[in-house]
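Peer 1: The following block contains the structure, expressed as structure tokens.
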Amino acid sequence: MPELLKPPEPQALCRSDELAERGTAVVFDVMLWRAPARAFALRFDGRVVAYLNRCAHVPAEMDWNPGEFLDDTKEFILCSIHGAVYEPAGGHCVGGPCGGGRLMVLDVEEREGQVYWYPSADIQPAFAD
């Protein structure tokens, strides 16, 4: 009989009140395809979104300063390396050299004053073997 796959365990990320609307993101360590990587979560239009901290144009971290991903108008995620522009609600490229690509999405959930992220086949907690 085939083994049933267990759903991924939610990973506690931060308290809900740590993510101000269009403010500084929470940056955290993950494993992408078994290699160390960084991810980030931010609040945009009342909803928490999370992405791998890796530009679709060039696989480099995007924040200007730690946790600072939004442009001056706080409307778009902006890559600090080459200026690729992403819409925060879904991570789709809307300008610059990202060529219509998309940021890698992490599933997140907010409940009872806490934000959680869910591992996937590609993205695992940093402490996983």
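Taken together, the values in this text are just the output of simple stated rules run on the coordinates, not laboratory data. Treat the numbers as computed from the prediction; the structure is a model and nothing was measured. Note that each Cβ is placed from the backbone with ideal geometry, even for glycine, and that neighbours are counted across all protein chains shown.
Peer 1: List the chymotrypsin sites (Phe, Trp or Tyr not before Pro) in the stretch 1-89 that DSSP assigns to loop (not H, G, I, E or B) and whose Cβ has at most 10 other Cβ atoms within 10 Å. Which are they?
Peer 2: Working: sites: Phe28, Trp33, Phe40, Phe44, Tyr51, Trp64, Phe69, Phe76, Tyr86; in loops: Trp33, Trp64, Phe69, Phe76.
Counting only loop positions with at most 10 other Cβ atoms within 10 Å, the chymotrypsin sites (Phe, Trp or Tyr not before Pro) in the stretch 1-89 are Trp33.
Peer 1: Neighbour counts of other C-beta atoms within 10 Å: give me Val115, Val108 arranged from fewest to most.
Peer 2: Details: Val115 23, Val108 19.
Fewest-to-most ranking of Val115, Val108: Val108, Val115.
Peer 1: Dipole size in debye (nearest 20) for the stretch 1-81 around its Cα centre, Lys and Arg Cβ +1, Asp and Glu Cβ -1? Walk me through the intermediate numbers first.
Peer 2: On the way: 9 positive and 13 negative charges, 52 e Å.
Here the stretch 1-81 has a charge dipole of around 260 debye.
Peer 1: With the dipole of the stretch 11-125 worked out from charges on the C-beta (+1 for Lys and Arg, -1 for Asp and Glu) around the Cα centre, which of Ala56, Ala35, Ile77 lies farthest toward the positive end?
Peer 2: The one lying farthest along the dipole's positive direction is Ala35.
Peer 1: Which whole-number percent is the relative contact order of the chain (Cα, under 8 Å, 6+ apart)?
Peer 2: Numbers: 270 pairs, mean separation 35.8, N = 129.
Averaging sequence separation for qualifying contacts and normalising by length gives 28 percent for the chain.
Peer 1: Can you compute the modelled spin-label distance between Ile81 and Arg111, with each label point 7 Å from Cα toward Cβ, in nm?
Peer 2: 3.6
Peer 1: Need one number: nm distance between label points at Arg34 and Val58, each 7 Å from Cα along Cα→Cβ, rounded to one decimal.
Peer 2: So the label points at Arg34 and Val58 sit 2.9 nm apart.
Peer 1: Using DSSP to call loops (not H, G, I, E or B), can you name the GluC sites (Glu not before Pro) in the stretch 41-129 whose Cβ has at most 11 other Cβ atoms within 10 angstrom?
Peer 2: On the way: sites: Glu61, Glu68, Glu75, Glu109, Glu110, Glu112; in loops: Glu61, Glu68, Glu75, Glu112.
In loop regions of the stretch 41-129 (DSSP not H, G, I, E or B), the sparsely surrounded GluC sites (Glu not before Pro) are Glu112.
Peer 1: Can you list residues whose amide H is under 5 Å from Val30's amide H, if they're 5+ apart or on another chain and H is modeled 1.01 Å from N?
Peer 2: Ala37, Arg38, Ala39
Peer 1: Now for a separate question. In what sequence do Val85, Val58 fall when counting other Cβ within 10 Å, fewest first? Walk me through the numbers before you get to the answer.
Peer 2: Working: Val85 17, Val58 13.
Sorted ascending by nearby Cβ count, the order is Val58, Val85.
Peer 1: Now, a different point. Please list, by residue number, every one of the trypsin sites (Lys or Arg not before Pro) in the stretch 46-129 that is coil in DSSP and has at most 16 other beta-carbon atoms within 10 Å. Mind dumping the intermediate values first?
Peer 2: Numbers: sites: Arg47, Arg54, Lys74, Arg102, Arg111; in loops: Arg54, Lys74.
Sparse-neighbourhood loop trypsin sites (Lys or Arg not before Pro): Lys74.
Peer 1: Taking the Kirkwood radius as the inverse of the mean 1/r across Cα pairs, report the Rg/Rh of the stretch 11-125.
Peer 2: Details: Rg = 13.1 Å, Rh = 14.0 Å.
Taking Rg over the Kirkwood Rh, I get 0.94.
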